[in-house]
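Quick notes on the structure that follows.
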Amino acid sequence: MAWTERVADLGARLGLLLRPGLRSTAKAAGATGAVDLGAIFVDPGLEASWNAAAARIRELGITDEAGMNPGDRRALYYLVRHLRPGRVLEIGTQAGASTVHLAAGLADAYPGSAEIRLLTVDIKEVNDSEEAAWKAFRLPQSPRDAMRRLGYDRLVRFRVGRSLEVLRETGDWYDLIFLDGDHRLKTVVAEIPIALRRLHPGGLLLLHDFFPELRPLWPDGKVIQGPQLAVQRLQRAGWPIEARPLGALPWPTKLGTSMTSLALLGRATDPSPGLSP
């Protein structure tokens, strides 16, 4: 069977492999349409908070090349600051650029909080290993040291582990789960159903490198297929979910554009009859 045929068949096979009752867990997720993205990103209050946080973050010397582009990092801050998730799970720490911005949003959303509100997971040891990404990017400090410098160390916990193993653990629930690790179809299509089961009612997933209709977002023409195909295959398998790309942001992101590959994922607001669980 050709690769394209195997991919096309994946949705049907998921419908057989996953118990139908599991698909109902998507109904407990939040509806992405309830989030007023346009209002969030032009909120003067959030902009003021961001400007103060950005000034602190700049002192860390995190370069533009160290992972997620600066425009996407800013979007993470705005989302977390506005949504005020009580607990966040990040899959894919890497050099800690996104982690810092998630933590900054949580710190400003819950000033004075001493609770661990962000668990960030990576398949590699991101702080002390000789192969840690922050060293490859020649950053002046590890992600853990960055949290200490900002005073966020009580908010954040680091963990080494595989995404599916962490997501399968019982007793851990989150209001926002950011999937930014392995973007291959076979991984993301397995992560999304388990992540939905780990959400508090009304919680949301956030995807990175989501390319709607598999079209390029930037002049370089590059497309990462996994996240978009995973959502499509799960929908065809009966999962009542929908992804909402953030699209164009009010500030620059990458290669002279304002486009972002971030997308919120939650329950479908108007699922078609064929997609009912």
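The values are calculated or read from the model by the stated rules, or taken from the named source; none is laboratory data. This one's a predicted model, so the numbers in the text were calculated from it and none came from an experiment. Counting neighbours? That spans all protein chains shown, and the Cβs are built from the backbone with ideal geometry, glycine included.
When region 87-116 is examined, which residues are found to be closer than 25 Å to P44 by Cβ and either more than 15 Å from the chain's Cα centre (by Cα) or not in a helix (DSSP H, G or I) (or both)? Break it down into steps so the answer makes sense when it comes.
Looking only at region 87-116, we keep the residues that are closer than 25 Å to P44 by Cβ, and these are 88, 98, 100-113.
If the condition is that a residue be closer than 25 Å to P44 by Cβ and either more than 15 Å from the chain's Cα centre (by Cα) or not in a helix (DSSP H, G or I) (or both), then V88, A104, A107, D108, A109, Y110, P111, G112, S113 are the ones that fit.
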(1) in contact (Cβ under 8 Å) with a residue 60 or more places away in the chain; (2) over 22 Å from T253 (Cβ atoms); (3) over 19 Å from the mean Cα position of the chain (by Cα): which one isn't true of A136, the others all being true? (1)
Return the residues of region 251-277 that are out of contact with any Ser or Thr (no Cβ under 7 Å at 6 or more places or on another chain), part of a loop (DSSP other than H, G, I, E, B) and modelled with pLDDT of 95 or more; say none if nothing qualifies. K254, L255, G256, T257, S258, S261, L262
Among the residues of region 232-244, is any out of contact with any strand residue (DSSP E or B) (no Cβ under 9 Å at 6 or more places or on another chain), outside any strand (DSSP E or B) and under 23 Å from S98 (Cα atoms)? no
Could you count how many residues in region 217-258 are touching a Pro at 6+ places or on another chain (Cβ under 9 Å) and surrounded by fewer than 18 Cβ atoms within 10 Å (Cβ to Cβ)? 9
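Looking at L206, L185, can you tell me which residue is in contact (Cβ under 8 Å) with a residue 40 or more places away in the chain and either among the basic types (K, R) or in contact with a helix residue (DSSP H, G or I) (Cβ under 6 Å, 6 or more places away or on another chain) (or both)? Break it down into steps so the answer makes sense when it comes.
Details: L206 fails: either among the basic types (K, R) or in contact with a helix residue (DSSP H, G or I) (Cβ under 6 Å, 6 or more places away or on another chain) (or both).
Only one candidate qualifies: L185.
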Among E5, E47, which is the only one that is part of a helix (DSSP H, G or I), over 20 Å from the mean Cα position of the chain (by Cα), on the phi < 0 side of the Ramachandran plot and at pLDDT 65 or above? E47
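Taking region 39-52 on its own, how many of its residues are surrounded by 10 or more Cβ atoms within 10 Å (Cβ to Cβ) and either touching a His at 6+ places or on another chain (Cβ under 6 Å) or without any contact (Cβ under 8 Å) to a residue 60 or more places away in the chain (or both)? Walk me through it before giving the result.
Filtering region 39-52 for residues surrounded by 10 or more Cβ atoms within 10 Å (Cβ to Cβ) gives 39-43, 46-50, 52.
Within this subset, residues satisfying the condition of being either touching a His at 6+ places or on another chain (Cβ under 6 Å) or without any contact (Cβ under 8 Å) to a residue 60 or more places away in the chain (or both) are 39-40, 43, 46-50, 52.
The qualifying residues number 9.
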